[in-house]
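The values are calculated or read from the model by the stated rules, or taken from the named source; none is laboratory data. Only a predicted model underlies this, so the values are computations on that prediction, with no experimental measurement involved. Glycine gets a Cβ as well: all are built from the backbone with ideal geometry, and neighbour counts include every protein chain shown. Each accessible area value is taken on the protein alone, full model and side chains, heavy atoms only, with ligands, DNA and RNA left out. Shrake-Rupley method; radii C 1.70, N 1.55, O 1.52, S 1.80 Å.
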Amino acid sequence: ALESAWAEGALPVLTASDCSICIATLPAVVAHEPEVHVAWLDAHGDFNTPDTTGSGFLGGMCLSAVCGRWDGGFGAGIDPRRVVLSDARDLDAGERDEMRRAGLAVVAPGAVADAVRGERVFLHLDFDVLDPSVMPFSFPAAGGLSLPDLGALLADLAEAADVCGMELTS
């Protein structure tokens with residue numbers, strides 16, 4: 001899907017049931033867009049490793065795999081300093097330490113556009129960035145965005161950066 005979208009000059013949009021899709025997509029994105037940045041909108045960091053996870057859930061470790069913190073089987077893909085994570089309101093202690101060691105930027109939702117301004121950006125949007133009162137989720141985390149807030153964030157991002165593709169997960 002990515003190959004044909006880029007060949008046709010289209011904006012690739014992928015949907016998946018959880019964030020682990022990025023283990024395959026982000027290395028492919030970087031192969032086509034070596035200087036790409038990633039705006040990762042998620043209630044969770046998805047930056048645990050097999051050594052830090054309490055659950056062993058792949059969806060909670062997938063971003064760290066594509067950032068080369070452990071071998072997910074599809075290649076590292078992206079330098080963690082090219083990832084901007086927001087809002088990450090539900091993090092494990094070991095995950096937080098791993099993010100700090102990797103140099104992963106964590107910003108408030110209102111700061112995403114400025115963090116990637118002028119850059120070519122691939123958007124990862126996990127809908128659990130929304131508050132669970134807006135939409136129920138498998139792994140709810142209170143304190144998320146409203147629909148109007150998410151809409152404003154996405155509009156700001158589209159104005160600030162050159163969005164080259166996106167994946168939508170839940």
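Quick look at the numbers
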item: Length-normalised contact order of the chain in % [C-alpha pairs under 8 Å, at least 6 apart]; result: 28 percent
item: Hypothetical label at Ala31: residues of the stretch 51-87 whose amide nitrogen lies under 17 Å (7 Å Cα-Cβ projection); result: 66-68, 72-79
item: Computed accessible area, Met166, all protein chains, 1.4 angstrom probe, square angstrom; result: 40 Å²
item: Peptides ranked, highest mean first, by Cβ atoms within 10 Å: ranges 43-52, 30-39; result: 43-52, 30-39
item: Extension reserve of the Asp79-Ala142 stretch, reckoned as 0.36 nm per residue once the Cα distance is removed; result: 19.7 nm
item: Accessible area of the stretch 1-127 belonging to carbon and sulfur atoms, whole % at 1.4 Å probe; result: 50 percent
item: Kirkwood Rh in Å, taken over all unlike Cα pairs in the stretch 1-117; result: 14.5 Å
item: Gyration tensor verdict on the stretch 49-170 (Cα atoms; rounded if a/c is under 1.5, prolate if a/b is larger than b/c, oblate otherwise); result: oblate
item: Backbone N under 14 Å from the Ala158 label point (7 Å along Cα→Cβ), restricted to the stretch 94-131; result: 123
